[in-house]
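Visitor: Got a structure for you, questions after.
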Amino acid sequence: MKRRTFIGILAGAGASLATGTAGAAGNHHFTGYPDSYGVLFDSTKCIGCRKCEAACNAVNELPKPELPFDDLSVLEKRRRTHHDTFTVVNKYEYNGKPVFRKIQCNHCQEPACASACFVGAFKKEPTGAVSYDASRCVGCRYCMIACPFEIPTYEYHDPITPRVRKCTMCQPRILEGKLPGCVEACPKGALVFGHRDELLQIARERIRKHPELYVNHIYGEQEMGGTNWLYISGVPFEILGMREDLGITPAPQLTTGALSVVPAVVGLWPMFLTGAYAITKRKEKIAAEERAHAVQKAVAEAEAEAAKKLAAALEKAEREKQAAIDREVKKALKEAEEARKKAEAASEGEE
Amino acid sequence: MAHVATPSKKFWTPANIITAIILVIGLVLTVKRFSMGIGAVSNLSDDNPWGIWIGFDLLCGVALAAGGYTTTAAVYLFGMKKYHSAVRPAITTAFLGYAFVVFALLYDLGRYYRLPYPLTIYPGPTSFLFEVGLCVALYLTVLAIEFSPFLWEVLGWAKIRHLVHKLTLALTIFGVILSTLHQSSLGGLYLIAPSKLHPLWYSIYLPLFFFLSSIPAGLSMVILEGTLSHKYLNHKMDEEHHHGFSPVVLGFSKAASVVLFAYFCMKWIGVAMDNNWSHLGTGWGLWFLVEVLGFVLLPCILYAVAAREKNERVAFYASIMTVAGIILNRLNVSIIAFNWRLPAEARYFPSLEEFLITVFIVTLEITVLRICLNKLPILHQHPQFRDAH
C-alpha cells in the first residue's frame, strides 16, 4: 500500500519531467523571425582581401594575429574559425581561376547548437542572430558536435572560465543601427546586409539576370531548415568546401522523434515491470499453493493407506481371535465329548 | 565462516606499486589540467571537441555499469532468485561505475563547477544531453541508496538497513526506467550530427542500439568480474557466492546470447533502413563488419555454446569479447567513425596525457572497488543480517 503510493509518485514525477522535455522539443516548424536580418555573400564579387577579417578582429576586440591582415599568403592554406578568429576567407580554385569564400556562423533559423545545449546558452534572437550566453555555459562542447557547419570554437587553454566563441552577427551593432563589421569593411560589395526576405529576392534577381555568372542555388535558403547567412556563387558550392548533402531538415527535428519516446518509456515501463513482478509473485504463490496442496494430498493418501492397513490388521486380529475362540470351543466340546464317552464307558463297566 | 580475516600480506605488492605510480602520475596531470586548461593536456580541438574522456570514460563507463539494472531486474522483478549472489557485486560495480563517470566528466567540462546548472537553474530540455544528465544524476542517487545497506550492515545500523530493504522494489523499477532512458540517450546524443557520423553507424535507431547493447554489456561485466573475483577473492566468499555463481554464469550467458542476437539483427535493420549497403564495400564497411560479426555475432554464438555445454570457461571468453565489442562500438560512434570526412591531419588521436588521465581514473575506480570488496559484505552476507533477504 505504502510502496504503491511511492511508486506512483516516482512515476508521476518522471512522467511530468519527460513530458516537459518532449513539449519543449516541439513538433512545430519554425520559419524564422519575421523581419530578421541576414547577410548575403556573393563569391563572384569577393577578391580575398581579408578586410572583413580585419574588421571583425577590431570590432570584437580579438587578439592580433601573427601575420598582419594584408598578408595574403595565409590564403594558400585552408583555415577554419578559431576562438580568436570569428571569420576567415579561404581561397579555392575552379578551372584554374581563384575563387574566395568567407565563413563564419551561418546563424541558422533553427540552430543545432541551441537545440543541443542543455543549459540554453544559445538563443535565436529576433534580429536573426544566434547569441551565446557565457554565464550559462557549462563547457560541455555539445554545440560543437551538433553544428553541421563546424563553426563554434572553444578556449581550450583557459582553465577557469573558457568560452565558446563564434560570430555574433554583430548583434550589439545591429541593435545600435550599425552594419556588421565585416559588411561595413567589404570594399567590393561582396557582402550585403538586410532583411532575410529581401536578401533572398536580391539573390534571385542576380541569378535571374546573370544565369551565365551564377549557379542556380541560394545556399542557406533551405540548408538545415535555412540560415540567415546566404550565399550565391559562380561555382558549385562543393568547390567552396560547403557541404551540399546536409539536407533541409532543421536540426531540432533530428531529435524530436526520439525524445518523444521518453514519456512513453516513463509511462509504460512501470506498468510492464510491476506487471512482471506481479506475474512472478503470482507464479510463486500458485507454486506454493500447489506444493501445499500436493503435500496435503500425499498426507491424506498416506493416512488413508494407514487406516486401511490398520483396519486390515484389526480384522485379521479379530479373525484370529475368533479362530482361537472357535478352537477353544471346539477343544472344550471335544474334551466334554471325551469326558462323556469316558463316563459312559465307566458306567457300562459298572453294570 | 564468512568473516575470515585476510592472512596478513605485505602491502607493497607489485600490483600496489604499479597502482601507486599511476595514481601519482594522475594527480600531477590533474593539477596540470585544472591549472592550465583542457588544451594543456589533451588533443581536443575545434574540429574534435569530444575525445576519449567522453568516448571511453562516459560512453563505455555507463554501458559497462549496466550490470546494476540488469541484475536487480532479473532477481527482484523477474523472480530469478538463483542469481541472488550476483546482486551485491553488480550494484557495487554499477555505483562505482557511475560515480567515476561523473568524476571523469569534471575533467572534460570547461566549467565543471557548473555541473548542476542543467538540472537546476537553466534546464535545456530539447537536448539529449539534458536527459542524460538528469537520468544519470537520478540513477546515481538510486544506486547510492541501493549500495548504502552494505555500509549500514558494517556499522550495525539495523533500522535504516531494513528501511532501505523495504524500498527494493521501487528502487529496482525506478532504476530500470532511468537506465532505459539514459543508456538510449547516449546514443541519442549523436542523432543531431548525421553529417558527421559515418552512415553505417548513424541511424535513427541509435538510441535503441545503445539501450539494447547495454544489456549484454551489463551481463558480461557481471560474468567477467565474478569470474575474476572467484579467482582472486575466493577467501572473501561465503557458500551462497561459491555455489550460486555457476547458475549466474550459465543463466546470464543464455540471456546475453539472446539479446546479442536481437542487437545483431537490429544492426542490419539499421543498414537496410537507410539503404547503406553500398558502404559495406568500402574500408569503413570492412571495419563495420569486424565490429558486427567479430564482436557481436561471435560472442553471441560463444555464449550460446557456453549455455548449452554448461562451459563457464567459454562464457568467460565470450564476456571478454562482448565487453571489447561494446568499447569498440562506443569508440566507433564517438571517435573513430565520427568526423570520418575530415582530412587525416584534422582527425583526432588522444594525447599521452589525455590517455594517462583515463588510465588514472580507471585505476582509481579499481582501487576503490578492491577496497569495497575487501571491507564490505558484498561477496558474503553480513552474519548479523544473514536472513534479511
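Visitor: Just to check I understand the Karplus step: with θ = phi - 60° and J = 6.51 cos²θ - 1.76 cosθ + 1.60, what whole-Hz values come out for segment A:219-231, glycine and proline as x?
Guide: Computed from phi, the couplings for segment A:219-231 are 6, x, 5, 10, 3, 6, x, x, 10, 7, 9, 10, 10 Hz.
Visitor: Turning to a different aspect of this structure: Counting only protein heavy atoms, what percent of the accessible surface of the protein assembly as shown is carbon or sulfur at a 1.4 Å probe?
Guide: The value for the protein assembly as shown is 64 percent carbon and sulfur by accessible area.
Visitor: Now for a different question. Regarding the protein assembly as shown, what is the average projected area of its C-alpha convex hull, in nm²?
Guide: Spelled out: convex hull of the Cα atoms, projected over all directions, averaged, 51.0 nm².
Visitor: Which is the longest stretch in chain B that no exposed loop site breaks, taking sites as chymotrypsin sites (Phe, Trp or Tyr not before Pro) with a DSSP loop state and at most 12 other Cβ atoms within 10 Å?
Guide: The answer is B:13-389.
Visitor: Leaving ligands, DNA and RNA out of it, rank B:Ser229, B:Ser278 by accessible area with a 1.4 Å probe, largest first.
Guide: B:Ser278, B:Ser229
Visitor: Treating only the Cβ of Lys, Arg, Asp and Glu as charged (+1, +1, -1, -1), what charge dipole size does segment B:97-196 show about its Cα centre? Round to the nearest 20 debye.
Guide: That gives a dipole near 140 debye.
Visitor: Oh, and also: So which aspartates and glutamates can A:Lys123 reach, going by Cα to Cα under 14 Å and dropping same-chain residues fewer than 8 places off?
Guide: A:Glu110, A:Asp133
Visitor: Another one. Where the centre of each part is set by its Cα atoms, how far does segment A:95-136 sit from segment B:299-371, in angstrom?
Guide: Comparing the Cα centres of segment A:95-136 and segment B:299-371, I get a distance of 35 Å.
Visitor: Semi-axes of chain B's equivalent ellipsoid from the Cα gyration tensor, sqrt of 5 times each eigenvalue, largest first, rounded to whole Å?
Guide: Each semi-axis is √(5λ); the values are 34, 26, 21 Å.
Visitor: Using a 1.4 Å probe and counting only protein heavy atoms, arrange A:His157, B:His279, B:His162 so the residue with the most accessible area comes first.
Guide: I get A:His157, B:His162, B:His279, largest accessible area first.
Visitor: Place a point 7 Å from the Cα of A:Phe272 along the Cα-to-Cβ direction; which residues of segment B:162-195 have their backbone N under 17 Å from it?
Guide: Residues passing the 17 Å test: B:172-185.
Visitor: Pull up the cross-link candidates among the lysines for A:Lys308, meaning alpha carbon to alpha carbon under 17 Å and not fewer than 8 places away within one chain.
Guide: Straight-line reach from A:Lys308, under 17 Å: A:Lys297, A:Lys316.
Visitor: Just the Kirkwood number for segment A:67-188, please: inverse of mean 1/r across all distinct Cα pairs, in Å, one decimal.
Guide: About 15.9 Å, per the Kirkwood formula over Cα pairs.
Visitor: Using +1 at the C-beta of Lys and Arg and -1 at the C-beta of Asp and Glu, which of B:Met273, A:Leu259, A:Thr161 has the Cα lying farthest in the positive direction of the dipole of the protein assembly as shown?
Guide: Positive-end residue among those listed: A:Thr161.
Visitor: Residue by residue through segment B:177-189, which ³J(HN,Hα) values in whole Hz follow from phi under the Karplus form 6.51 cos²θ - 1.76 cosθ + 1.60 (θ = phi - 60°), with glycine and proline marked x?
Guide: Per-residue couplings from phi come out as 4, 5, 5, 3, 5, 7, 4, 6, 5, 4, x, x, 3 Hz.
Visitor: Still on this structure, please answer the following. Determine the sum of side-chain charges near B:Leu342: Lys and Arg each +1, Asp and Glu each -1, restricted to other residues whose C-beta is under 14 angstrom from that of B:Leu342.
Guide: Charge balance near B:Leu342 sits at +2.
Visitor: Using the Karplus curve 6.51 cos²θ - 1.76 cosθ + 1.60 with θ = phi - 60°, work out ³J(HN,Hα) for each residue of segment A:181-196 in order, rounded to whole Hz, and write x for Gly and Pro.
Guide: My calculation for segment A:181-196 gives x, 5, 5, 4, 7, 5, x, 10, x, 6, 10, 10, 9, x, 5, 4 Hz in order.
Visitor: Then there's this: Using alpha carbon coordinates only, what is the Rg to Rh ratio of segment B:45-193, with Rh defined as the Kirkwood radius?
Guide: Rg/Rh: 1.01.
The values are calculated or read from the model by the stated rules, or taken from the named source; none is laboratory data. Note that this is a predicted model, so its numbers are computed, not measured. Cβ sites come from the backbone with ideal geometry, for glycine too, and all protein chains shown count toward neighbours. The area values use the complete protein model at the heavy-atom level, side chains included, leaving out ligands, DNA and RNA. Shrake-Rupley method; radii C 1.70, N 1.55, O 1.52, S 1.80 Å.
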